[in-house]
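Trainee: Submitted below is the structure of interest, expressed as structure tokens.
The values are calculated or read from the model by the stated rules, or taken from the named source; none is laboratory data. Keep in mind it's a predicted model, so treat the numbers as computed, not measured. Here the Cβ positions follow ideal geometry from the backbone for every residue, glycine too, while neighbour counts run over all protein chains shown.
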Amino acid sequence: MTSQEKVRIAAHAALAKFAEDPVILDVREVVSFADYLLIVTGQSNRQVKAITDGIDEAVTRHGERPIGTEGYHEGRWILMDLNDVIVHVFQKEVRQRYDLERLWSDADAVDLGLDESGDREAIS
């Protein structure tokens with residue numbers, strides 16, 4: 001599976017769990033440890049965990065396994081390492097505090113054709 005396919009699967013899975021404000025950053029020209037970053041927001045620690053679980057299940061169905069997951073116990077900021085895709089699932093205030101979009105401003109935002117409402121309906 002390509003990294004673009006993987007980030008798309010992860011984004012669809014996040015939206016299926018009602019993740020908000022998805023951002024996909026192409027970091028291939030910026031770092032060597034990943035191709036894409038996926039950043040999404042959940043409203044509570046329960047939703048942040050559900051989004052992460054949904055992504056885990058989706059990539060596993062496609063033959064991939066996360067290398068590691070950090071922050072699951074607290075559920076405020078969960079980082080999931082999918083090898084060439086890094087997923088950040090935040091609660092809103094934590095996402096605002098760390099502002100990864102600004103930190104990775106050298107990376108290009110990618111539009112993979114994700115329409116939040118349309119994808120949610122297609123996946124549900």
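Trainee: Go through the range 29-43 and give me each residue that's more than 15 Å from ASP81 (Cα to Cα) and either aromatic (Phe, Trp, Tyr) or at pLDDT 95 or above (or both). So that I can check it myself, show each step before the final result.
Mentor: If we filter the range 29-43 for residues that are more than 15 Å from ASP81 (Cα to Cα), which is where we start, we get 29-30, 41-43.
THR41, GLY42, GLN43 - these are the residues of the range 29-43 that are more than 15 Å from ASP81 (Cα to Cα) and either aromatic (Phe, Trp, Tyr) or at pLDDT 95 or above (or both).
Trainee: Just to check your reading of the model, which residue among ASP56, ASP35, ASP21, ASP26 is among the acidic types (Asp, Glu), more than 9 Å from the chain's Cα centre (by Cα) and on the phi > 0 side of the Ramachandran plot? Full working, then the answer.
Mentor: Values: ASP56 fails: on the phi > 0 side of the Ramachandran plot; ASP35 fails: on the phi > 0 side of the Ramachandran plot; ASP26 fails: on the phi > 0 side of the Ramachandran plot.
Residue meeting the stated conditions: ASP21.
Trainee: Then there's this: Checking GLU70 against (1) without any contact (Cβ under 8 Å) to a residue 12 or more places away in the chain; (2) of a type in the set (Asp, Glu); (3) over 23 Å from ARG102 (Cα atoms), only one condition comes out false. Which one?
Mentor: (3)
Trainee: So which residues in the range 73-82 are in a loop (DSSP other than H, G, I, E, B), free of Cβ contacts under 8 Å to residues at least 24 places away in the same chain and touching a Ser or Thr at 6+ places or on another chain (Cβ under 9 Å), if there are any at all? If you could, list the steps in order and put the result at the bottom.
Mentor: Looking only at the range 73-82, we keep the residues that are in a loop (DSSP other than H, G, I, E, B), and these are 73-76, 82.
Add one more test, that the residue is free of Cβ contacts under 8 Å to residues at least 24 places away in the same chain, and what stays is 73.
Within the range 73-82, none qualify.
Trainee: Now a separate question. Please go through the range 36-63 and pick out each residue that is surrounded by 18 or more Cβ atoms within 10 Å (Cβ to Cβ) and farther than 14 Å from ALA11 by Cα.
Mentor: Listed by number, the residues that qualify are GLN47, LYS49.
Trainee: Right, next: Output the number of the condition that ALA58 fails; it satisfies all remaining conditions of (1) in a helix (DSSP H, G or I); (2) without any contact (Cβ under 8 Å) to a residue 24 or more places away in the chain.
Mentor: For ALA58, the exception is condition (2).
Trainee: Just give me the residues in the range 71-112 being within 19 Å of ALA10 (Cα to Cα), more than 12 Å from the chain's Cα centre (by Cα) and among the aromatic types (Phe, Trp, Tyr), in sequence order.
Mentor: Matches in the range 71-112: TYR72 only.
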